[in-house]
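Working notes, structure below.
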Amino acid sequence: MKQGNIGVTTENIFPVIKKFLYSDHEIFLREMVSNAVDATQKLKTLSTQGEYKGELGDLTVRISLDKDKGTLTISDRGIGMTAEEVDKYINQIAFSGVNDFMEKYKDKANAIIGHFGLGFYSAFMVSKKVEIVTKSYQEDAKAVKWTCDGSPSFTLEDVEKTDRGSDIILYIDDDCKEFLEKARIESLLGKYCKFLPVPIAFGKKTEWKDGKQVDTDEDNIINNTEPLWTKAPSTLKDDDYKKFYHTLFPMNDDPLFWIHLNVDYPFNLTGILYFPRIKNNIELQRNKIQLYCNQVFVTDQVEGIVPEFLTLLHGVIDSPDIPLNVSRSYLQSDANVKKISTYITKKVADRLQSIFKENRKDYEEKWDNLKIFINYGMLSQEDFYDRAKDFALMKDVDGKYFTFEEYKTLIKDNQTDKNGDIVYLYANNKEEQYTYIEAAKNKGYSVLLLDGQLDTPVISMLEQKFEKSHFSRVDADIVDRLIVKDDAPKSDLKQEERDNLSEVFRSQLPKIAKAEFMVEVQSLGENSQPLMMTQSEYMRRMKDISRFQEGMSFYQQMPDTYSLVLNSDHPLIKEVLDSTTKATAEALKPIESELKGQEARLAALHQEQSKKKPEEVTKEEHEDLEKTEKAVSEQKNKRNEVIAGYAKDNKVVHQLVDLALLQNGMLKGAALDAFLKRSVELIK
């Protein structure tokens, strides 16, 4: 029997392991099982090389629980260890048996998992004592038992063991009793070990007998030793890929399609990436790519390896060349990672391009699900935009699809404004914006449907990418001003009439939280609508973008800005103006007279004081100016009160205002009820 201290640089190695070395205590089971698989794979390599001539026999790794003894045991029939090897690889923490082995068999040992010597010590994260009972595959080897209670001291003694391989016995700590529960171990094996290349058995399969579940004689193998990504794509059918997808994500719908990755230069990488059917929420779809290292699950936090926009994909990536730290849990900064990320981006772009070229009809049918990936990619990665611009699509409100170049060719003749800019018209809700869409189509314009989650930032990106082009939502202005071909026709109304007409409608607009209304008068022709409510493209776009971009949240606090455009050529608007003029003429006569006098005086004062330097204007002159400005304001308020007094009982004005509000989804509650009752009265 041998006693000694483990060769570490500090006696505090175990607290460090327990608290900091691994990102999560549960990873100990992955490390233990991975080591058992390593030992088994080493034996298979030695047998292939002719250096082990014995029978391999059953190579299943077995995990067993004994709640009474408080132990969890991991057993393998791999190469085992001699007393000297235990001393070198277990007692000298810095030396990894795997590193030695891989150096010797570097061309033949691709399936060896471990890269570090610290994996075994993760056992002490959950154990108060650990025993190793091991016997080397070598002839005449003696079995030994190593025992350590979590301090740097250990014992090593000879024991009886008939078979080669190792049993790692963990005496689970009192604060980690969850790892003695069958369901917990089953869950962890399913998470970390379900694709390991050596059979892993945990207990026996059960069957229903005499009203209860009973064990059978058949091992309960928890893993698939040959997952789909390890096979040649030429040997697989579509159903194989779909079946494997549902193994990974049982509750999901069938994927749109998939990409089988298989590269061995300049790095090793295999895997399958699936394009899922996206519902709505981007965030809920993340972290569905599982990273493996030689079939051992590492993490589903794959940022850094997979380009950010492709973290929306689902599937698996397996690479022994992705650098990991000692806990195999976090990626380290490395040139290989950059190469892998670039390769995956190219592979995805090539696959999308080929699907687009080979079967455009099928590609178009998938577009509504695909566009979120492609839009996200174009927004977040310049080199992906350069690839994707040839297979990214635009869809119009009639459901027709176009590439960027095709759509530009379609609209450039009819939708170029007087400044030479191509105007891309769009809607984001076909039902709510139906009237505006129809008005644009009646002009011969094409309207895009941009109703996706990322379409607002994509619009801003495309405005930067496309030359002399801009996007405008169909309700951003009246149709004649969406694409300005010529200067707008002048209204025949006098300024006084325009002001009074504007005030009639402005005074009857409701007070709506976080909404501001402006009224303007425009000559639009007798056959155009009497009035139209539009919303500022700029402000709406800024508010939409602020949801995605930090530092722009102040836009969310700003009110929505609407313009009520009155068509001075329409008979109804003319009727309102005529009736207002007749009804208010008498009351407005003295007010208008006084107002004109005060405005003339104010203009004269401004002209007079503009000839002087600010310091030359006397106090009396300042006061005179302020007094006159106040008088003008008072007369305008009086005029507005007279007009508002008339307008409040004008049913046509209220009906027109409510129609504009209704069209924009802003007529609700009591106002909607009043509108319905008034509509019935007007019909009678």
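The values are calculated or read from the model by the stated rules, or taken from the named source; none is laboratory data. Please read these numbers as outputs of a predicted model, since none were measured by experiment. Note that we place each Cβ from the backbone using ideal geometry, even for glycine, and neighbour counts take in every protein chain shown. SASA here: full protein model, heavy atoms, side chains in, ligands and nucleic acids out. Shrake-Rupley method; radii C 1.70, N 1.55, O 1.52, S 1.80 Å.
Some notes on this structure:
- Some residue of the range 454-472 being small (Gly, Ala, Ser), touching a Leu at 6+ places or on another chain (Cβ under 7 Å) and either at negative phi or assigned to a loop (DSSP other than H, G, I, E, B) (or both): yes
For (1) at pLDDT below 90; (2) touching a Leu at 6+ places or on another chain (Cβ under 6 Å), each residue gets a yes or a no:
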| residue | (1), (2) |
| --- | --- |
| Thr147 | no, no |
| Leu156 | no, no |
| Val159 | no, no |
| Glu178 | no, no |
| Arg184 | no, no |
| Gly203 | yes, no |
| Trp208 | yes, no |
| Ile222 | no, yes |
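- Restricted to helices (runs of 4 or more DSSP H) entirely inside the range 483-576, those with at least 1 residues that are modelled with pLDDT of 85 or more are 495-506.
- Residue within the range 382-393 that is closer than 30 Å to Tyr292 by Cα and modelled with pLDDT under 90 present: yes
- In the range 194-243, residue farthest from Ala36 (Cα to Cα) [restricted to those that are among the aromatic types (Phe, Trp, Tyr) and open to solvent by less than 90 Å² (accessible area, probe 1.4 Å)]: Tyr241
- Search result, residues across the range 174-193 that are open to solvent by 20 Å² or more (accessible area, probe 1.4 Å) and either among the hydroxyl-bearing types (Ser, Thr, Tyr) or closer than 30 Å to Ser136 by Cβ (or both): Ser187
Residues are listed down the side, and each one gets a yes or a no for (1) closer than 18 Å to His25 by Cβ; (2) without any contact (Cβ under 8 Å) to a residue 24 or more places away in the chain:
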{"residue": "Thr155", "(1), (2)": "no, no"}
{"residue": "Gly165", "(1), (2)": "no, no"}
{"residue": "Phe179", "(1), (2)": "yes, no"}
{"residue": "Glu186", "(1), (2)": "yes, no"}
{"residue": "Leu189", "(1), (2)": "yes, no"}
{"residue": "Ile200", "(1), (2)": "no, no"}
{"residue": "Gln213", "(1), (2)": "no, yes"}
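- Close pairs from the range 232-245: first more than 17 Å from Phe275 (Cα to Cα), partner open to solvent by 90 Å² or more (accessible area, probe 1.4 Å) and part of a helix (DSSP H, G or I), Cβ under 9 Å, at least 6 apart: none
To keep it simple, each residue is scored yes or no on (1) of a type in the set (Val, Ile, Thr); (2) open to solvent by 40 Å² or more (accessible area, probe 1.4 Å); (3) under 26 Å from Asp140 (Cβ atoms); (4) at pLDDT below 95.
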{"position": "Ile6", "(1), (2), (3), (4)": "yes, no, no, yes"}
{"position": "Phe14", "(1), (2), (3), (4)": "no, no, no, yes"}
{"position": "Leu21", "(1), (2), (3), (4)": "no, no, no, yes"}
{"position": "Glu26", "(1), (2), (3), (4)": "no, no, no, yes"}
{"position": "Lys42", "(1), (2), (3), (4)": "no, no, yes, yes"}
{"position": "Gln49", "(1), (2), (3), (4)": "no, yes, yes, yes"}
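- From the list Ile437, Ile478, the lone residue that is under 26 Å from Gln655 (Cβ atoms) and under 33 Å from the mean Cα position of the chain (by Cα) is Ile437.
- When residues of the range 262-274 are limited to those that are in a strand (DSSP E or B) and at pLDDT below 90, the one least open to solvent (accessible area, probe 1.4 Å): Leu269
- Pairs are defined by a Cβ separation below 7 Å, a sequence spacing of at least 6 or placement on different chains, a first member in the range 54-73 that is under 22 Å from Asp38 (Cα atoms), and a second member that is of a type in the set (A, V, I, L, M, F, W, C) and open to solvent by 50 Å² or more (accessible area, probe 1.4 Å); the pairs so defined are Leu72/Leu65.
- Counting only strands (runs of 3 or more DSSP E) that sit wholly inside the range 145-247, those with at least 3 residues that are in contact with an Asp or Glu (Cβ under 8 Å, 6 or more places away or on another chain) are 165-172, 200-209, 212-221.
- Checking each residue in the range 502-535 for being open to solvent by less than 60 Å² (accessible area, probe 1.4 Å) and more than 22 Å from Val479 (Cα to Cα) picks out Glu503, Val504, Ser507, Gln508, Leu509, Pro510, Ile512, Ala515.
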